[in-house]
Amino acid sequence: MKIDRVVLRHIRMPLVHFFETSFGRTYHRDIILVEVVSDGVSGWGEVTAGENPFYNEEWTGSIWPLLIQYVAPRVLNYQFNGPEEVGARTAHIRGHFMARGGVETACWDLQARMKNEPLWKTIGGGARREIPCGVSIGIQDSVEQLLGKIETELAAGYQRIKMKIKPGWDVDVVRRVREKFPQIKLMVDANSAYTLADRNHLQKLDEFYLMMMEQPLAHDDIIDHAELQSALETPICLDECIRTPHHAEQAIRLRAGRIINIKLGRVGGFAAAKRVHDTCLANDIPVWCGGMLESGIGRAHNIALSTLRDFVLPGDVSSSKRYWARDITCPAIEVSPAGTITVSDRPGFGYEIDTDFLNSVTARHETVT
Ligand code: OSB
Ligand code: MG
């Protein structure tokens, strides 16, 4: 495979409902899409960075120059034997996994389209025809609002509820949720809002028999998580701090958590995600696919990823309509009343791009050759 053109698009779309985590509130998304073209065939990828450098160091504004100055020149006009070689071409760039992942995932989609097969097949997935889905519910203005949202998502069929927590919106809120929904699969995500000094406070969450507590401590920490895990009954799930397959090995070795959330962008694409997955599988660590409020393209890549064998827990991959009044892909990604998404068998990532709508939300684009 030889890429002769990389097209970058910056799209801007309002979210149907704001999304609040411990690091802030998002009302609209600014997303960079990557199209790689080889012999007239296009592959598509999505950069999953946020609008601000708060989840990790990347943000919409850092992606464009990084891709144009460093990534595109290294992948253009280079003869790859396959998409698994793309990551290594940009491995000399420190960090910036999401920017690099946008190009890497586009190359896997390109490969799938060149072979005229679904992306899940190209990446070596296919362990399931339907993927189990959960939802991630942000911090709300009131507990009543949160309870209402949970009720709506359960009625839609979602298999597990994840609620965001932060200091001041944790134990008491989780207690209210548990009182109302004693039976549901429930988990919390702190997005690094605590430190080891909060150990006793976090232990209070044990009484709510949560499925897991996601990334309670620093975004770049593994060791403190190991200490916290040894003091908790609730399994810790690691998100932010697992940026490489090596981090996954270290975290497992230190028993820093019992579950790992795999995000394509956070680890730099499919090849790295597969390595993290394989390490977890070999160590009996279940994984699930995280989300970054993606458009239809990133969402479809997440669905393909979720067909790898160890993705046994419901992921944060939910229907398009929870995020967008209209998505850039069609048909809209939908969740069944059983809380699953049926995996598409169409070539590539499995959905059509709604070109007219995509153009209407594109703020800028640039072609690199
Ligand atoms: O920590 O999983 C996270 C969104 C933005 C940044 C970080 C996270 C999230 C989510 C949303 O939880 C998952 C989704 O619905 O896409
Ligand atoms: Mg998280």
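The values are calculated or read from the model by the stated rules, or taken from the named source; none is laboratory data. What you see is a predicted model; the values in this text were computed from it and never measured. Positions of Cβ are backbone-derived with ideal geometry, glycine not excepted, and every protein chain shown enters the neighbour counts. Just the protein is used for accessible areas: all its heavy atoms, side chains included, with ligands, DNA and RNA removed. Shrake-Rupley method; radii C 1.70, N 1.55, O 1.52, S 1.80 Å.
Going through the range 168-209 one residue at a time, which ones are in contact (Cβ under 8 Å) with a residue 40 or more places away in the chain and open to solvent by 50 Å² or more (accessible area, probe 1.4 Å)?
Lys185
Quick one: which residue in Arg346, Arg266, Arg275 is part of a loop (DSSP other than H, G, I, E, B) and either farther than 18 Å from Ile32 by Cα or within 16 Å of ligand 2 (Cβ to nearest atom) (or both)?
Answer to the check: Arg346.
What residue, among those in the range 210-224 that are within 13 Å of ligand 2 (Cβ to nearest atom) and closer than 12 Å to Ser192 by Cα, is surrounded by the most Cβ atoms within 10 Å (Cβ to Cβ)?
Within the range 210-224, the match that is surrounded by the most Cβ atoms within 10 Å (Cβ to Cβ) is Pro216.
For the range 32-133, which fully contained helices (runs of 4 or more DSSP H) count at least 1 residues that are aromatic (Phe, Trp, Tyr)?
Counting at least 1 such residues, we get 60-66, 97-114, 119-122.
Before we move on, is Asn81 within 20 Å of Lys274 (Cα to Cα), of a type in the set (S, T, N, Q) and open to solvent by 60 Å² or more (accessible area, probe 1.4 Å)?
yes
Does Arg326 meet the test of being in contact (Cβ under 8 Å) with a residue 60 or more places away in the chain, more than 23 Å from Leu281 (Cα to Cα) and over 19 Å from the mean Cα position of the chain (by Cα)?
It is false that Arg326 is in contact (Cβ under 8 Å) with a residue 60 or more places away in the chain, more than 23 Å from Leu281 (Cα to Cα) and over 19 Å from the mean Cα position of the chain (by Cα).
Based on this model, can you work out whether Val7 counts as within 20 Å of Pro347 (Cβ to Cβ) and either open to solvent by less than 60 Å² (accessible area, probe 1.4 Å) or touching a His at 6+ places or on another chain (Cβ under 9 Å) (or both)?
Yes: the conditions hold for Val7.
Output the qualifying pairs, or none if there are none: Cβ atoms under 8 angstrom, residues six or more apart or on different chains, first residue in the range 251-263 and open to solvent by 90 Å² or more (accessible area, probe 1.4 Å), second residue of a type in the set (S, T, N, Q) and more than 15 Å from ligand 2 (Cβ to nearest atom).
Once the first residue is open to solvent by 90 Å² or more (accessible area, probe 1.4 Å) and sits in the range 251-263, its partners that are of a type in the set (S, T, N, Q) and more than 15 Å from ligand 2 (Cβ to nearest atom) give Arg255/Gln229; Arg255/Ser230; Arg258/Gln229.
With the requirement that a residue be under 20 Å from the mean Cα position of the chain (by Cα) and either of a type in the set (S, T, N, Q) or closer than 21 Å to Thr21 by Cβ (or both), what does the range 100-158 give you?
Result: Gly101, Thr105, Thr122, Cys133, Gly134, Val135, Ser136, Ile137, Gly138, Ile139, Glu153, Tyr158.
The conditions are (1) without any contact (Cβ under 8 Å) to a residue 40 or more places away in the chain; (2) assigned by TED's automatic domain parsing to the domain that holds Phe23; (3) within 16 Å of ligand 1 (Cβ to nearest atom); (4) hydrophobic (A, V, I, L, M, F, W, C), and Phe97 fails exactly one of them. Which is it?
(1)
What's the total number of residues in the range 345-368 that are within 16 Å of Arg12 (Cβ to Cβ) and in contact with a Ser or Thr (Cβ under 8 Å, 6 or more places away or on another chain)?
1
Conditions tested, residue by residue: (1) away from ligand 1 (no atom under 16 Å from the Cβ); (2) modelled with pLDDT of 95 or more; (3) not polar (S, T, N, Q).
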position: Gly134; (1), (2), (3): no, yes, yes
position: Gln145; (1), (2), (3): yes, yes, no
position: Lys149; (1), (2), (3): no, yes, yes
position: Gln159; (1), (2), (3): no, yes, no
position: Ile165; (1), (2), (3): no, yes, yes
position: Trp169; (1), (2), (3): no, yes, yes
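Within the range 65-72, is even one residue within 30 Å of Lys149 (Cα to Cα) and not β-branched (Val, Ile, Thr)?
Checked the range 65-72: no residue is within 30 Å of Lys149 (Cα to Cα) and not β-branched (Val, Ile, Thr).
Can you name every residue in the range 228-250 that is open to solvent by less than 50 Å² (accessible area, probe 1.4 Å), away from ligand 2 (no atom under 16 Å from the Cβ) and not in a helix (DSSP H, G or I)?
Across the range 228-250, the qualifying residues are Leu232, Thr244.
Which number in (1) out of contact with any Ser or Thr (no Cβ under 8 Å at 6 or more places or on another chain); (2) open to solvent by 10 Å² or more (accessible area, probe 1.4 Å); (3) within 13 Å of ligand 1 (Cβ to nearest atom) marks the one condition that Ser319 misses?
Result: Ser319 passes all but (2).
Would you check which residues across the range 137-155 are open to solvent by 20 Å² or more (accessible area, probe 1.4 Å) and either in a strand (DSSP E or B) or touching a strand residue (DSSP E or B) at 6+ places or on another chain (Cβ under 8 Å) (or both) and list them?
Matches in the range 137-155: Lys149, Glu153, Leu154.
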